[in-house]
Amino acid sequence: MEARDILTSSRLASGRSRLEAPSRRYGEKLIQGLLAACAAISVAITTGIVISLIEPSFGFFEHIPIGDFLFGTDWSPVIAPPSFGVLPIVVGTLSVTFWGLLFAIPMGLAAAIYLSEYASPRVRKTLKPTLEVLAGIPTVAFGFFAFSFITPFLQDIWPGFLGDGPNVFNALAAGVAIGLLIVPIIASISEDAMSAVPQGLREGAYALGASKMRVALRVVFPAALSGIVASMVLGVSRAVGETMVVLMAAGNNPQMTFNPAEQIQAMTAYIGSTATGDIATGTIEYDTIFAVGLLLFVLTLGMNMISIRLVRKYRQVYE
């Protein structure tokens with residue numbers, strides 16, 4: 001009996017040793033190190049961008065009071081006598097972003113609801129990649145499309161009771177083109193969030209007699225709200241940071257107006273048109289590029305912080 005017990009215990013011990021997790025492989029450690037290095041590089045790049053913006057901005061604010069910069073209503077830094085009130089190009093940026101979102105959010109959410117709730121798997125596999133192709137088209141192509149097609153189209157259909165039609169350069173054409181840019185972002189992320197909603201919620205609603213549209217709007221949409229909000233804020237950040245479309249379609253005239261038919265200038269358009277080497281390095285006019293860039297960075301950071309708070313507030317956790 002003792003020999004049999006010893007043999008049984010040895011077999012059990014060998015079985016336990018085989019069930020124990022093996023020691024970590026060197027390849028896993030290497031992959032972990034590479035991922036940590038990528039995270040560190042991204043943080044370092046972001047820090048470098050902030051430092052490159054802050055240093056020249058301090059030199060700018062040594063000559064121009066920050067209150068005059070933030071609340072001034074006249075922006076002409078390269079025209080004598082210079083004026084450095086940034087509000088006109090901030091308003092221009094917000095105007096283009098507003099018209100872009102007014103176009104993109106309904107289209108993006110409608111596409112997401114169709115792909116998630118109505119489209120067959122075959123149609124979804126075809127339509128979703130086709131929609132996402134829009135995100136890969138160069139923005140200069142969208143700018144040319146806005147200038148050569150959207151603006152003439154708006155001028156043809158502009159109702160007379162709204163006054164004269166849009167100018168050759170106008171905020172509405174740029175907004176529509178930016179909306180086309182961010183429709184794939186909103187549609188794709190929102191569709192992923194809706195598809196992640198458990199099927200049991202849909203089946204329970206159908207069992208209670210709800211229609212497909214009611215299930216989509218009253219059950220799936222609220223359950224996926226955190227992902228939908230995240231897609232919208234990401235679209236806002238994309239619209240605020242767009243350069244080529246507003247530079248080619250919205251014009252280069254800073255104005256304090258939300259009239260979509262008027263020519264405006266956005267913050268990114270000013271940076272893109274000014275940072276061409278025509279202004280001497282070290283001058284106040286040159287430092288305005290970095291001051292505007294820092295303000296744009298702060299606005300985008302604020303939007304991302306709001307996005308994080310909203311996503312955490314409306315996040316749904318399912319077992």
field: segment 139-153, residues that are out of contact with any helix residue (DSSP H, G or I) (no Cβ under 6 Å at 6 or more places or on another chain) and touching a residue at least 12 places away in the same chain (Cβ under 8 Å)
entry: Phe144, Phe145
- request: Only one of these is part of a loop (DSSP other than H, G, I, E, B) and free of Cβ contacts under 8 Å to residues at least 12 places away in the same chain: Thr257, Thr276. Name it.
  value: Thr276
- prompt: Just wondering, is there one or more residues in segment 287-297 that are within 30 Å of Leu225 (Cα to Cα) and aliphatic (A, V, I, L, M)?
  reply: yes
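A quick yes/no check of all residues on (1) touching a Pro at 6+ places or on another chain (Cβ under 7 Å); (2) buried (at least 19 other Cβ atoms within 10 Å of the Cβ); (3) modelled with pLDDT under 80; (4) under 27 Å from Val140 (Cβ atoms):
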{"position": "Ala269", "(1), (2), (3), (4)": "no, yes, no, yes"}
{"position": "Ile279", "(1), (2), (3), (4)": "no, no, yes, yes"}
{"position": "Thr283", "(1), (2), (3), (4)": "no, no, no, no"}
{"position": "Met305", "(1), (2), (3), (4)": "no, no, no, no"}
{"position": "Arg312", "(1), (2), (3), (4)": "no, no, yes, no"}
- prompt: Does Ile105 count as modelled with pLDDT of 90 or more, among the β-branched types (Val, Ile, Thr) and under 29 Å from Ile186 (Cβ atoms)?
  reply: yes
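Test Leu162 against the criterion of being over 29 Å from Pro254 (Cα atoms) and not charged (D, E, K, R), and give yes or no.
For Leu162, the condition - over 29 Å from Pro254 (Cα atoms) and not charged (D, E, K, R) - is not met.
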field: Residue check for Leu296: among the hydrophobic types (A, V, I, L, M, F, W, C) and at pLDDT 90 or above
entry: yes
Selected residue (criterion: nearest to Asp278 (Cα to Cα)) from residues of segment 41-99 that are loosely packed, with under 14 Cβ neighbours inside 10 Å, touching a residue at least 60 places away in the same chain (Cβ under 8 Å) and small (Gly, Ala, Ser): Ser76
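Quick test for you: out of Ala224, Ala216, pick the one residue that is touching a Ser or Thr at 6+ places or on another chain (Cβ under 8 Å) and over 26 Å from Met303 (Cβ atoms).
Ala216
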statement: For segment 256-267, the count of residues that are out of contact with any helix residue (DSSP H, G or I) (no Cβ under 6 Å at 6 or more places or on another chain) and crowded, with 18+ Cβ neighbours inside 10 Å equals 3
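The values are calculated or read from the model by the stated rules, or taken from the named source; none is laboratory data. Worth saying up front: this structure is predicted, and the values here are computed from it rather than measured. Because the Cβ atoms are built from the backbone with ideal geometry, glycine has one as well, and the counts that use them run over all protein chains shown.
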